[in-house]
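All remarks here apply to the structure that follows.
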Amino acid sequence: MIVNRWGWALVLGMLATLSGMGQAQEEDRGRLVAGVRSITAPGLPGAVAVFSPSAGVVVAGKTESGAQVAVIATGHLGRGRVVAFGHDGYLTREALTLENTGTLMANALRWAAGNKPRPRVGLVGGLQLRDLLEDKGFEVGQADPSGSLQDFDVLLLFSANVNPAAIRRIRERVRAGGGVVGGACGWGWRQLNHDRPMTEFPGNFLFAGTGLAWTDGMATATRPGGFLVEGDISPFANATSALHRIEAGGNLKPADAATATENIRLTLSSLTPEDRTLRDELLRQIHTLGRSGPVPTQAQPVLAKDVRRRLAVGLETMIAMAATPEETRPAAASGEFPGFVPNAARRVRRTATIDLSVPGWHGLGLYAAPGDRIEVDVPSSALPMNLAVRIGSQTDTLWHLPSWDRSPELTRGFPIRGPRTQAANAFGGTIYIDVPRSTPGRKVEVTVIGGVQAPRYVLGQTTREQWSALRKLPAPWAELEGKTLIWTVPTRSIRTLDDPESLLKLWDRLVEAQDRMVSLPRRDRPERIVADVQISAGYMHSGYPIMVPADDSLALALSEKRLRLEGSWGHLHELGHNHQAPEWTFAGTGEVTNNVLVVYCFEKVLGLPYDSGHPAIRDRLERKVRIRRHMTSGASFKTWKDDPFLALMMYIQLYEGFGWEPFERVFAEYRHLPPDQRPRTDDEKRDQWLIRFSKAVGRDLGPFFQTWGVPTSETARTSISGLPRWAPAGFEDLVGRETRSPDNRP
């Protein structure tokens, strides 16, 4: 049981206060959900953080971990009231006409206006909802924050679009007794502003002090296409309430712990500087709760059922992610992962030239020790470029997983806003300068002070003699940079790597082969592969960076000898994902068309048999058996879609019949299609793939697609019916009936 130094009297007093506030919140919620059973979900709404006793959850969704998070919530500012919607789609005519969404919006506007019977609603930013709201009994007008707002009882607006001047004027109106209903999708804003934290989201400045904040979390629906409004709201969905209840002790259910952890985390990552008092209170309580958190390891992972241990580790991680550089201290878990930096390791000053025409992470051969504060100096001319300092490579977060082999979050980014930027990470990590896309193509000099030297090999720059010394440097992580691919790996895995040159050249050839296959005209940045002890989704996953396990598959990938003998299906598979185009990847082929690129690499670059890369396709006799089984059991398209290696066999038959040149030609066609000719629906994608490939090989593949059970339209099949029909040699033996035409040879 955990009780802080205030003692039981104060804890019980806080709980009594929360109980009273809880009753008021229930009354407020009752007004908002009157006549509302369910509402729609416009896309994937974001989670709204609720973190003061006077704020409350109105409608809740779920996260992947099962935590309950707010989709719609209420708060107070001065004498005024506010309502936050977790998606701007709720402010559209389409959403407000579905289910009971319009009723809830009307209730929210009346509540925020002080429960007046006929409130005056001001639409900010060109919202076209006048007639719809007038039909529900409101007086409606267009509101201009640069003018007077006294004519309106409540404002309705997109929270991502308010400027600082408007924020100040709207907040003055709310404090005086007005209301605001705002909608925004926090995670969507973060995708468009990846270098900016949620603490800089405009809506969070607008709602500062209300106990609400938009976050970059997501809230999944609680019913098909929307959210049920009925049901209890967990008290752990309010971050302050959750902390007080944890402090009071008692048994916690895993669902309560998951809800508390997620909502506290989202709150800390979204609070603006104006909410500093509350942030400090949260951090103080978290320090008390998490100060002795045990370290998660692969041998002793933290499980969801270990509620107290899970909370301790989670809260320690939250402290690390929310701390300012001045507050940052080494995390207890940092020595286990990402790794220990010797105390004697010399901190250095390094100046590097950054090519701003290349977006993404720019390595420096430097590592920040856990808790160390580093400083980054840039010229004033670089300040408008939206550069950032990143500390750490392992971007996967594990909050949603039932088991943690390491701390659930490790990396941090710091926007460069002035000539000198301070940055720190309690877990340490490789130091990068992060360059956004669309940055003017020029070069700037950046100076980093306080990092530890880390092994970094750059193809074409680092000599073998230099590498002999570099690979012995003390940092726990190293980087191997080719022209098209960069590896971030544990230093121990490269200590005996004598000469990375030929290895990196081979990987460059593999990436270039996939570039060539899909007709990528020009690569604007290298791919990145980062190793980790735990992956957030699957065995590996694609993206920037591609995340892979630090196991024997990594040892294979870093051994040129093994790579040439065995290939590396998994790494090439994820690179293939990064090369996929939606126009030629329809439902059921998300794990197939990327594997076509892998098969291509095995033959064209590694010189291995094209079908030798994976056990599921390696046995040619077994392939025939599986194809026959599929055909004789009815050739179900659902079966085809659900079995990626069965679907891959169809593509392999096309390669066996026609070679790689038609694939290259057809992919190039897609690359140069004007927007109005690009297929959008799955039906259009299947039709275009049939037509384009048939024309590329000069054969009618319609019957071949039909035999496999892949649906296409009659119009598409008719358009190529003048070509000679084709089926693979021996296909009739596999399917048990004649499918070939006399002229079916390529």
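Brief remarks follow.
- Condition met for Leu520 (under 28 Å from Val435 (Cα atoms), open to solvent by 40 Å² or more (accessible area, probe 1.4 Å) and hydrophobic (A, V, I, L, M, F, W, C)): yes
- Criterion (touching a helix residue (DSSP H, G or I) at 6+ places or on another chain (Cβ under 9 Å), of a type in the set (D, E, K, R), buried (at least 17 other Cβ atoms within 10 Å of the Cβ) and over 30 Å from Gly335 (Cβ atoms)) met by exactly one of Glu566, Glu560, Glu574: Glu560
- With respect to the conditions (1) surrounded by fewer than 24 Cβ atoms within 10 Å (Cβ to Cβ); (2) modelled with pLDDT under 90; (3) closer than 16 Å to Gly314 by Cβ, Ile246 falls short on a single one, namely (1).
- Residue pairs whose Cβ atoms lie under 6 Å apart, separated by 6 or more positions or on different chains, with the first residue in segment 534-550 and free of Cβ contacts under 8 Å to residues at least 60 places away in the same chain and the second open to solvent by 30 Å² or more (accessible area, probe 1.4 Å), are Ser542/His577; Ser542/Asn578.
- Once segment 458-487 is narrowed to residues that are out of contact with any helix residue (DSSP H, G or I) (no Cβ under 7 Å at 6 or more places or on another chain), among the charged types (D, E, K, R) and in a loop (DSSP other than H, G, I, E, B), the residue that is most open to solvent (accessible area, probe 1.4 Å) is Lys472.
- With respect to the conditions (1) in a loop (DSSP other than H, G, I, E, B); (2) within 25 Å of Gly365 (Cβ to Cβ); (3) open to solvent by less than 50 Å² (accessible area, probe 1.4 Å), Tyr544 falls short on a single one, namely (3).
- Single residue of segment 351-363 satisfying the filter (under 25 Å from the mean Cα position of the chain (by Cα) and hydrophobic (A, V, I, L, M, F, W, C)) that is surrounded by the most Cβ atoms within 10 Å (Cβ to Cβ): Trp361
- Qualifying positions in segment 676-728 - closer than 15 Å to Gln653 by Cα and among the acidic types (Asp, Glu): Asp700
- Only one of the numbered conditions (1) touching a Leu at 6+ places or on another chain (Cβ under 9 Å); (2) open to solvent by less than 10 Å² (accessible area, probe 1.4 Å); (3) over 16 Å from Phe51 (Cβ atoms) is not met by Ala304, and that is (2).
- Residue satisfying all of: in segment 86-101; within 24 Å of Ala213 (Cβ to Cβ) and touching a residue at least 60 places away in the same chain (Cβ under 8 Å); surrounded by the most Cβ atoms within 10 Å (Cβ to Cβ) among these: Gly86
- Any hit, segment 330-337, residues being acidic (Asp, Glu), open to solvent by 70 Å² or more (accessible area, probe 1.4 Å) and in a helix (DSSP H, G or I): yes
- Lone qualifier among Pro490, Pro419, Pro500, Pro455 - being surrounded by fewer than 16 Cβ atoms within 10 Å (Cβ to Cβ), at pLDDT 95 or above and not charged (D, E, K, R): Pro419
- The residues on offer are Val348, Val378, and the sole one that is more than 25 Å from the chain's Cα centre (by Cα), surrounded by fewer than 16 Cβ atoms within 10 Å (Cβ to Cβ) and farther than 26 Å from Gly543 by Cβ is Val348.
- Scanning segment 150-164 for residues that are within 32 Å of the chain's Cα centre (by Cα) and either over 18 Å from Trp214 (Cβ atoms) or not aliphatic (A, V, I, L, M) (or both) yields a total of 5.
- Given (1) surrounded by 20 or more Cβ atoms within 10 Å (Cβ to Cβ); (2) under 27 Å from the mean Cα position of the chain (by Cα), index of the condition Ile617 fails: (2)
- None of Gly147, Gly217, Gly137 is under 21 Å from Leu96 (Cβ atoms) and either under 31 Å from the mean Cα position of the chain (by Cα) or exposed (fewer than 15 other Cβ atoms within 10 Å of the Cβ) (or both) except Gly137.
- Of the helices (runs of 4 or more DSSP H) that lie entirely inside segment 76-165, those containing 2 or more residues that are of a type in the set (Val, Ile, Thr) span 101-112.
- Qualifying residues in segment 638-668 (those that are free of Cβ contacts under 8 Å to residues at least 24 places away in the same chain and surrounded by 15 or more Cβ atoms within 10 Å (Cβ to Cβ)) - the one nearest to Leu597 (Cα to Cα): Leu646
- Test for Val511: is it under 28 Å from the mean Cα position of the chain (by Cα), surrounded by 17 or more Cβ atoms within 10 Å (Cβ to Cβ) and part of a helix (DSSP H, G or I): yes
The values are calculated or read from the model by the stated rules, or taken from the named source; none is laboratory data. Since this is a predicted model, take the numbers as computed values, not measurements. In this analysis, Cβ positions are derived from the backbone assuming ideal geometry, glycine residues included, and neighbour counts consider all displayed protein chains. Surface accessibility is based on the protein's heavy atoms, side chains included, excluding ligands, DNA and RNA. Shrake-Rupley method; radii C 1.70, N 1.55, O 1.52, S 1.80 Å.
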